[in-house]
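Read through the structure below, which is laid out as structure tokens, and then see the notes.
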Amino acid sequence: MVASLADGPWPGPWVLVFPFFWLLVAAVAVLVLRRVAWRRRGRCGGGSEHAPLAVLGRRYAHGEIDAEEYRERRAVLTEAQDAPGVER
């Protein structure tokens, strides 16, 4: 005789399918929401309006610094970002 997996008082392996299905649905929902929030915040983890180059540009636009100081500070910031071994 061929015995099936659901013989006897136990429901068989199918009892695990639905909990794993809902666990998978919850994990996908969490991953999607985290990715959407990550994209909305920007890749640095904070808003891009607080990035050093953005602050420097805003200060230049408001007239707080002149063109020469803007170029010097921008060169320093971009040099620091392009340096080997510096993680962004």
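The values are calculated or read from the model by the stated rules, or taken from the named source; none is laboratory data. The shown structure was predicted, so the numbers you read here are calculated from the model rather than taken from an experiment. Cβ: placed from backbone, ideal geometry, glycine included. Neighbour counts: every protein chain shown.
Are there any pairs with C-beta distances below 6 angstrom linking a residue in region 6-19 that is at positive phi to a residue that is at pLDDT below 70, with the two at least 6 apart or on different chains, and if so which?
Pairs that qualify, where the first residue is at positive phi and the partner is at pLDDT below 70, are Gly12/Leu5; Gly12/Ala6.
Out of Leu5, Leu23, report the one residue that is more than 31 Å from the chain's Cα centre (by Cα), among the aliphatic types (A, V, I, L, M) and either at pLDDT 95 or above or in a loop (DSSP other than H, G, I, E, B) (or both).
Leu5
I'd like to check something: does region 47-63 contain any residue that is assigned to a helix (DSSP H, G or I), modelled with pLDDT under 90, over 26 Å from Arg35 (Cα atoms) and not basic (Lys, Arg)?
No.
Which ones in region 26-42 are at pLDDT below 85 and either part of a helix (DSSP H, G or I) or polar (S, T, N, Q) (or both)?
Listed by number, the residues that qualify are Ala37, Trp38, Arg39, Arg40, Arg41.
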